[in-house]
1. How many of the residues making up region 161-192 are at pLDDT 90 or above and in contact with a strand residue (DSSP E or B) (Cβ under 9 Å, 6 or more places away or on another chain)?
2. Find all pairs meeting these conditions: Cβ atoms under 6 angstrom apart; at least six residues apart or on different chains; first residue within region 51-76 and touching a residue at least 60 places away in the same chain (Cβ under 8 Å) and in a strand (DSSP E or B); second residue buried (at least 16 other Cβ atoms within 10 Å of the Cβ) and among the aliphatic types (A, V, I, L, M).
3. Which one of these is at pLDDT below 90 and assigned to a helix (DSSP H, G or I): Asn134, Asn158?
4. Kindly evaluate Lys200 against the criterion of being more than 26 Å from Lys81 (Cβ to Cβ) and among the charged types (D, E, K, R).
5. If the requirement is being at pLDDT below 85, exposed (fewer than 15 other Cβ atoms within 10 Å of the Cβ) and more than 28 Å from the chain's Cα centre (by Cα), which of these qualifies: Ser99, Ser109?
6. Which of (1) within 20 Å of Arg70 (Cα to Cα); (2) free of Cβ contacts under 8 Å to residues at least 40 places away in the same chain is the odd one out, the single condition Arg180 does not satisfy?
Amino acid sequence: MGRILISGIRHALFFFALFPAAITATAQTALPEVFTEGSVKEQMNYIQEKTRIYEDFRAIREDMFQKLKRNATDSINAARKEIGTLIAERQDRDLRIDSLNSAIDNVKSDLDVMTRTKNSIALFGMEVNKKVYNSILWTIIAVLTGLLAIGFLAYKRNHIITVNTKKEYEELKKEFEAYRKASREAREKMSMAHFNELKKLRGA
């Protein structure tokens, strides 16, 4: 019974000493540079490396937690905005590709008609040799095909960027949710432990 009482007193003294110290440190100590210059992942690593664990509880300064929360929210919002921009650009490229495909189909249709005509055809009121006309049409087809290839490569690149950005956003969101849940549970456990210790002291 005496050992339990002594242990309870020690825990109570630890918590009573911890809270004023945490409040004073928060009020007097400026945020580390990583919270203004580093990424959210670097900030999480900093908290993991620099904060102490006592009986499975991690003591985190409130200003650091709030700053990390704001930074994570800003990163998520920025990722959403970038994804929206990439999607809009992809849709615009899809329209351009469809337009180029339609133009190529029209040129091919004209070429098929031309191959069934005579060696010379009327173009803008002038007779043009079929070979010259073919050369012009194939040049147009080559240019349109090149533009289509460029558009496809740009679309593929932006699609990859969109997928990667979505993946990073989901990972960041999961990390933040896990960290927020763990932090909330740690606070609840710490409050419950403090309450139990006070209850034991009062009961003793």
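The values are calculated or read from the model by the stated rules, or taken from the named source; none is laboratory data. Computed from a predicted structure; not experimentally measured. We place every Cβ from the backbone using ideal geometry, glycine too, and count neighbours over all the protein chains shown.
1. 0
2. Phe57/Ala186; Phe57/Met190; Arg58/Ala186
3. Selected residue: Asn134, the only one of Asn134, Asn158 that is at pLDDT below 90 and assigned to a helix (DSSP H, G or I).
4. yes
5. Unique residue meeting the criteria: Ser109.
6. Looking at each condition in turn, Arg180 falls short on (2).
Let's see how each residue does on (1) touching a helix residue (DSSP H, G or I) at 6+ places or on another chain (Cβ under 6 Å); (2) surrounded by 15 or more Cβ atoms within 10 Å (Cβ to Cβ); (3) under 29 Å from Thr73 (Cα atoms):
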| site | (1), (2), (3) |
| --- | --- |
| Trp138 | no, no, no |
| Leu153 | no, no, no |
| Ile160 | no, no, yes |
| Tyr169 | yes, yes, yes |
| Glu175 | no, no, yes |
| Ala182 | no, no, yes |
| Lys189 | no, no, yes |
| Ala193 | no, yes, no |
| Arg202 | no, no, no |
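Residues are listed down the side, and each one gets a yes or a no for (1) under 27 Å from the mean Cα position of the chain (by Cα); (2) of a type outside the set (Gly, Ala, Ser); (3) surrounded by 15 or more Cβ atoms within 10 Å (Cβ to Cβ); (4) at pLDDT below 85:
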position	(1), (2), (3), (4)
Glu49	yes, yes, no, no
Ala59	no, no, yes, yes
Leu68	yes, yes, yes, yes
Ser75	yes, no, yes, no
Ala79	yes, no, yes, no
Gly84	yes, no, no, no
Ile87	yes, yes, no, no
Arg90	yes, yes, yes, no
Thr115	no, yes, no, yes
